[in-house]
Amino acid sequence: MIFNNVDFDTYFKQYPDKNGYFGKYGGAYIEPELKKAMQEIRDAYFTICKSSKFVSELRRIRKEFQGRPTPISYLERLSSTLGNGVQLYVKREDLNHTGAHKLNHCMGEALLAKFMGKKKVIAETGAGQHGVALATAAAYFGLECDIYMGSVDIEKQAPNVARMKILGANVVEVTHGLKTLKEAVDAAFAAYCKEYKDAIYCIGSVLGPHPFPLMVRDFQSVVGIEAREQFLSMTGELPDAVVACVGGGSNAMGMFSGFLNDPVDIYGVEPLGRGSALGDHAASLKYGEEGIMHGFNSIMLKDENGDPAPVYSVASGLDYPSSGPEHAFLHDLGRVKYDVVDDEETIDAFFTLSRLEGIIPAIESSHAVAYAMKLAKTIEKGSILICLSGRGDKDMDFIINKYGIR
């Protein structure tokens, strides 16, 4: 399929290019002392990760440890409430070990670290799912693990903080700035600059300098590959639309990668938060502009000085002032439509899915569910496949304290 002069038959061979660019987005804008470290990771990824030994080991881990493939569930009761015959389905990444899609790339990154002879993995986390997944991978491979997390998110995500500590990770509280995900990334990068000889940075999304957006997309592509095959097996056809939430965008790129070359509408859902005013949302693709942060060029939210703007979302995993460079590229191409839902719509979807289907979703995933419910009301018939990126265990105390039981 050719879309806006991009041939999606060969898309994954073309993008990113050898310098890590998706069109004008991506690249590696890093300090000189990190260039050698990034080159080491690139060389290892393109050598080790293409070997049959690495691939077979990762496949074994996914099957025997992670519990993959994760299933697709048909949301019969929720679909019936729509009243127009549109059918909703969810790809159940909440049933992946540790409760979210994050383990897909964490096991890959930790296995790469082991092959490279590294002793430690370093990362940031917002909602805590990436931190839990990396702590799990570190425990599995016998690696040290430092997780940087903003103090605001530590308070909101106490269950995941406890899980990380039980798994043996060192949770480092970040207390500067807004004390959320951006600051955690800042701190993790600073730590990695000092420890890169013995450690590997395991970024939590399709972000950062090349080769991280490529690596995380490739490790997460298992979601879309499975989903496409499963949906065809269940229904005999492709879904009419695919929907996923987008912060940095790892679950979305994993899901979208299975359908980019198909006649399927694809939607990325960003957090509108409290509204469209700067500082009340984290919808960078909707309201942002081109800019560089954390080593990559993408679309980002900027303040009056051109620096990363303060952001907000009810979902700790989505409150980041930029998005992955591949999302920026797909946004400009028009291949993926990026839209928003606000906090209230998200929390309503959280309770609706829980009550009607017995599935408690992560707040991040609830953004995708909310948008799919809205989208379903605008089309006459068909099917929508939602990436349910994680489960809501981590969010229940926060939800009850802030919103009560609806």
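Could you tell me which residue out of 135, 371, 256 lies farthest along the dipole of the chain toward its positive end? Charges go on the beta carbon: Lys and Arg +1, Asp and Glu -1, centred on the Cα centre.
After comparing all options, I get 135.
Around residue 236, under 15 Å between beta carbons, what's the net of Lys plus Arg minus Asp minus Glu among the other residues?
So the environment of residue 236 carries a net charge of -3.
In this model, which of 24/156; 50/118; 302/374; 53/118; 50/114 are farther than 25 Å apart at the alpha-carbon?
Correct reply: 24/156; 302/374.
Looking at segment 169-216, I'd like the Rg to Rh ratio, where Rg is from alpha-carbon atoms and Rh is Kirkwood's inverse mean 1/r.
0.97
Let me spell out the model: positive unit charges on the Cβ of Lys and Arg, negative unit charges on the Cβ of Asp and Glu, origin at the Cα centre of segment 290-333. What dipole size does that give, in debye rounded to 20?
Computed about the Cα centre, the dipole is about 100 debye.
So for segment 217-345, averaging the separation of alpha carbon pairs under 8 Å that are six or more residues apart and normalising by length, what relative contact order in percent results?
This gives 26 percent for segment 217-345.
Quick one: what are the phi-derived ³J(HN,Hα) couplings along segment 276-281, Karplus 6.51/-1.76/1.60 with θ = phi - 60°, whole Hz, x for glycine and proline?
8, 5, 4, x, 9, 8
Could you grab the Rg to Rh ratio for segment 75-151? Cα atoms only, Kirkwood for Rh.
On the Cα set of segment 75-151, Rg over Rh gives 1.22.
Computed on alpha carbon atoms, what radius of gyration and Dmax characterise segment 313-395, expressed in Å?
Rg, Dmax (Cα atoms, Å): 13.6, 38.
If amide hydrogens are placed 1.01 Å from N in the peptide plane, which non-local residues have theirs closer than 5 Å to the one on residue 21?
27
Using bins 5 angstrom wide from zero, how does P(r) for segment 120-271 break down, in % of all Cα pairs?
The calculated distribution, bin by bin, is 2, 10, 16, 19, 18, 14, 9, 7, 4, 1, 0.
Along segment 343-352, what does the Karplus equation 6.51 cos²θ - 1.76 cosθ + 1.60 (θ = phi - 60°) give for ³J(HN,Hα), rounded to whole Hz, x for Gly and Pro?
4, 5, 4, 5, 5, 4, 5, 4, 6, 5
Starting from the Kirkwood Rh over alpha-carbon pairs, what translational D in µm² s⁻¹ does segment 185-263 have by Stokes-Einstein at 10 °C and 1.306 mPa s?
Diffusion coefficient, whole number: 112 µm²/s.
Starting from the 7 Å offset along Cα-to-Cβ, what nm value, one decimal, do you get for the label separation of residue 303 and residue 19?
3.1 nm
For a quick check: with amide H placed at 1.01 Å from N, whose amide H comes under 5 Å from residue 362's, ignoring anything fewer than 5 positions away on the same chain?
390, 391, 392
Per DSSP helix of 4 or more residues, -39500 (n - 2.57); summed, then divided by the residues of the chain. What does that give at 222 nm, rounded to the nearest 500?
Here the helix-only value at 222 nm equals -13000 deg cm²/dmol.
Placing +1 at every Lys and Arg Cβ and -1 at every Asp and Glu Cβ, with all other atoms neutral, what dipole size does the chain have around its Cα centre, in debye to the nearest 20?
Its charge dipole is roughly 1200 debye.
If you take the charge dipole of the chain about its Cα centre, with +1 on Lys and Arg Cβ and -1 on Asp and Glu Cβ, which of 338, 354, 201 is farthest toward its positive end?
Value: 201.
Suppose a student asked you for the relative contact order of segment 69-151, using Cα pairs under 8 Å spaced at least 6 residues apart; what percent would you report?
23 percent
Before anything else, pin down the relative contact order of the chain: Cα pairs under 8 Å, at least 6 apart, normalised by residue count, whole percent.
20 percent
Check which residues have an amide H placed less than 5 Å from residue 30's amide H, if you skip close sequence neighbours.
Result for residue 30 returns nothing.
How high is the FRET efficiency between residue 344 and residue 74 when r is their beta carbon distance and R₀ equals 30 Å, given to the nearest 0.05?
Rounded to the nearest 0.05, the efficiency is 0.65.
Quick one: Karplus J couplings for segment 368-379, per residue in order, coefficients 6.51, -1.76, 1.60, θ = phi - 60°, nearest Hz, x for Gly and Pro?
Those phi angles translate into 5, 4, 4, 5, 4, 5, 5, 4, 4, 6, 9, 10 Hz.
Throughout, read-outs are computed from the coordinates displayed, never taken from laboratory work. Remember, predicted model here, so these are calculated numbers, not experimental data. Note that each Cβ is placed from the backbone with ideal geometry, even for glycine, and that neighbours are counted across all protein chains shown.
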